[in-house]
Amino acid sequence: MSQSNNTRSFIRGILLIIGIHIIVTIVGTAIFTIISMILPQLPSTLALFANNIITALLLAFFGIGITQLIYVVPAIVILQRRQRYEMMKGVITAAVITALLNGACYIYVMSLFQ
């Protein structure tokens, strides 16, 4: 495989993860909005349960560095089985960058509350 094709495949891997991040953000926001609209109409016991679900969703939404493992690991396994190693390297690179940025932002936001 030529160097040009390797670079394109690497970039496709990065773009794949960026696209999945966008999709996860849209779906997560939609689920959060729907639960928030339903929450006031629920009885108190169910409202408490739904409130716990919202809290978990918010933690997952803001902790995308950890949540991304749900879709990055299967993507890596599929790409490895198909022997698309350059694209797999792009996926891993994008996942590591996302986790590092998320960690840095988390540390910064937590420092604001102290």
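Below is a table of values for the structure above.
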quantity: Residue in segment 106-113 that is surrounded by 12 or more Cβ atoms within 10 Å (Cβ to Cβ), touching a residue at least 40 places away in the same chain (Cβ under 8 Å) and farther than 28 Å from residue 6 by Cβ present; calculated: yes
quantity: When residues of segment 1-26 are limited to those that are of a type in the set (S, T, N, Q) and in contact with a helix residue (DSSP H, G or I) (Cβ under 9 Å, 6 or more places away or on another chain), the one farthest from residue 80 (Cα to Cα); calculated: 25
quantity: Only one of 98, 7 that is assigned to a helix (DSSP H, G or I), at pLDDT 85 or above and surrounded by 14 or more Cβ atoms within 10 Å (Cβ to Cβ); calculated: 98
quantity: Residue within segment 43-64 that is under 18 Å from residue 99 (Cα atoms), surrounded by 13 or more Cβ atoms within 10 Å (Cβ to Cβ) and modelled with pLDDT of 70 or more present; calculated: yes
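The values are calculated or read from the model by the stated rules, or taken from the named source; none is laboratory data. As the structure is a prediction and not an experimental result, all values here were calculated from the model. Cβ coordinates were reconstructed from backbone atoms using ideal geometry, including for glycine residues, and neighbour counts include every protein chain displayed.
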